[in-house]
Amino acid sequence: MIHEHDPLVDIRPWSAQDLALLTRLLGVPGMTEHLGGPETAQQLEKRHLRYCHSSETGVDLMFVILVGAGRLPAGSIGYWKKDWQGQVVWETGWSVLPEFQGRGVASQAALLILKRARAEASYRFIHAFPSVENAPSNAICRKLSFSFWGEVDLEYPPGHSMRCNDWCLDLFAEKR
């Protein structure tokens, strides 16, 4: 949880200047233990270009998580369209640098993403699929009132099977 003495959390669209952040998030073993291991420089560059393109098109949106008055880059978060069990839904995911973990940064950024997805009103449900072994991300899903739908096998990254928890939130539940 962000405490009063901790910095504020905001998000901004992914941009060309964010490759170094992406490398710290997905290019090192400690940050990717629940994601099949670090990506190569070529994979990171390809992902970076895709994230930059998302900001230009408004599709499959990726954001930089910013912390404090200095708006320090602390991680990434996004949401994108996914075909899931016969319906189109949003999927969300996040990653926070070690020095910002355990302070509620991902939870606060996720609240901002949920607000955006709700306002967009394209799809009723948003899912998160953290690894069954990723206790912090699963805790965030619980904290944000996602419903646990069970364990599933997903391929992420391509070619790597991953056992995940399927968490779902009804974005329109408050409107009933």
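Report, by residue number, each residue of segment 84-104 that is in contact with a strand residue (DSSP E or B) (Cβ under 7 Å, 6 or more places away or on another chain) and either over 27 Å from residue 122 (Cα atoms) or of a type in the set (A, V, I, L, M, F, W, C) (or both). Show your work before the answer.
Let us first name the residues in segment 84-104 that are in contact with a strand residue (DSSP E or B) (Cβ under 7 Å, 6 or more places away or on another chain), namely 84, 88-97, 100.
Residues satisfying the conditions are 84, 88, 89, 90, 94, 96, 97, 100.
Filtering segment 8-67 down to residues that are within 21 Å of residue 101 (Cα to Cα) and basic (Lys, Arg), which residue is surrounded by the fewest Cβ atoms within 10 Å (Cβ to Cβ)? Filtering segment 8-67 for residues that are within 21 Å of residue 101 (Cα to Cα) and basic (Lys, Arg), the one surrounded by the fewest Cβ atoms within 10 Å (Cβ to Cβ) comes out as 12.
Hey, could you check segment 128-176 for residues that are hydroxyl-bearing (Ser, Thr, Tyr) and under 22 Å from residue 38 (Cβ atoms) and say which is surrounded by the most Cβ atoms within 10 Å (Cβ to Cβ)?
137
Is segment 59-69 home to any residue that is modelled with pLDDT of 95 or more and out of contact with any helix residue (DSSP H, G or I) (no Cβ under 8 Å at 6 or more places or on another chain)? Within segment 59-69, one or more residues are modelled with pLDDT of 95 or more and out of contact with any helix residue (DSSP H, G or I) (no Cβ under 8 Å at 6 or more places or on another chain). Tell me, which residue of segment 149-163 that is at pLDDT below 95 and assigned to a strand (DSSP E or B) is farthest from residue 133 (Cα to Cα)? For segment 149-163, the residue satisfying everything is 155. Being part of a strand (DSSP E or B) and within 19 Å of residue 61 (Cβ to Cβ), is that true of even one residue in segment 127-147? Yes - at least one qualifying residue is present in segment 127-147.
All of (1) hydrophobic (A, V, I, L, M, F, W, C); (2) surrounded by 19 or more Cβ atoms within 10 Å (Cβ to Cβ); (3) more than 27 Å from residue 161 (Cα to Cα); (4) free of Cβ contacts under 8 Å to residues at least 60 places away in the same chain hold for residue 96 with one exception: (3).
The values are calculated or read from the model by the stated rules, or taken from the named source; none is laboratory data. Please read these numbers as outputs of a predicted model, since none were measured by experiment. We place every Cβ from the backbone using ideal geometry, glycine too, and count neighbours over all the protein chains shown.
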